[in-house]
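Worksheet: one structure, shown below.
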Amino acid sequence: MNSGVELHDSRVDEFTRSGSDLRVVFRPAYVHRSDGVPGSDAGWGYLQPVQFTFSGATCSETGECWGLISEGEVSAGAVNYSNLVLPLVASGAIAARLAFASGGVLEVSADGFTSEALGDPDPSFRERYEG
């Protein structure tokens, strides 16, 4: 089954820097799963912890950069993931922008990116969506 993180409706619980790496943890992320294209084709929505790691990162923060995301995108080279980020390991020119319901904005430039699940989906939440 294919999956992708919907940035809108996901919640940033923490972000930390370690050297030149930036780690953004979503608790929870809203994850689309589908046999087709996540977010476009019919499937299921789950809540699951997910981590984005930006390597070789620089970032700027305006306002409170935690909590519910109102919109966001990640670009890897010429490919732009607007609001729905597929499982991804990428290197090269990476850019991300997360806008928070609080009004805060986190902008990141990096030379590498990975996204990974940090555990299983919450068994108490599952919703069907039609494409």
Study note, to complete from the structure: Here region 88-98 yields Karplus 3J(HN,Hα) values (6.51, -1.76, 1.60; θ = phi - 60°; whole Hz; Gly and Pro given as x) of 8, 10, 9, 10, x, 6, 10, 9, 9, 9, 10
Practice item. Can you pull the one-decimal nm distance between simple spin-label points at Ser70 and Arg23, each 7 Å off the Cα toward Cβ? Key: 2.9 nm
Study note, to complete from the structure: Note, region 51-68: 3J(HN,Hα) by Karplus (6.51, -1.76, 1.60, θ = phi - 60°), whole Hz, Gly/Pro = x, goes 10, 9, 10, 9, 9, x, 9, 10, 8, 10, 10, 10, x, 7, 9, 7, x, 5
Practice item. Please give the contour-minus-distance gain from Val79 to His8: 0.36 nm per residue of separation, less the Cα-Cα distance, rounded to one decimal in nm. Key: 23.7 nm
Exercise for review: Summarise the accessible area of region 1-81 (1.4 Å probe, protein heavy atoms) by the percent that is carbon and sulfur.
Suggested key: 47 percent
Review point. Can you pull the accessible area of Asp111 for me, 1.4 Å probe, Å² to the nearest 10?
Key: 90 Å²
Check your understanding: Looking only at Cα atoms, what is the convex hull volume of the chain per residue, in Å³?
Key -> 96 Å³
Check your understanding: What net charge is computed for the residues neighbouring Leu22, neighbours being all others with C-beta under 12 Å from the C-beta of Leu22, Lys and Arg scored +1, Asp and Glu -1?
Key -> -3
Exercise for review: Output the Kirkwood hydrodynamic radius of region 1-71, Cα pairs only, in Å rounded to one decimal.
Suggested key: 13.1 Å
Point to revise | Share of alpha-carbon pairs per 10 Å distance bin for region 65-131, given as whole % | key: 18, 40, 35, 7
Review point. Picking from Leu7, Ser18, Cys65, whose Cα lies most toward the positive end of the charge dipole for region 1-95 (charges on Cβ: Lys, Arg +1; Asp, Glu -1)?
Key: Ser18
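The values are calculated or read from the model by the stated rules, or taken from the named source; none is laboratory data. Note that the structure is a prediction, hence the values are computed from the model and not measured. A quick note on method: Cβ atoms are made from the backbone with ideal geometry, for glycine too, and the neighbour counts reach across all protein chains shown. The area values use the complete protein model at the heavy-atom level, side chains included, leaving out ligands, DNA and RNA. Shrake-Rupley method; radii C 1.70, N 1.55, O 1.52, S 1.80 Å.
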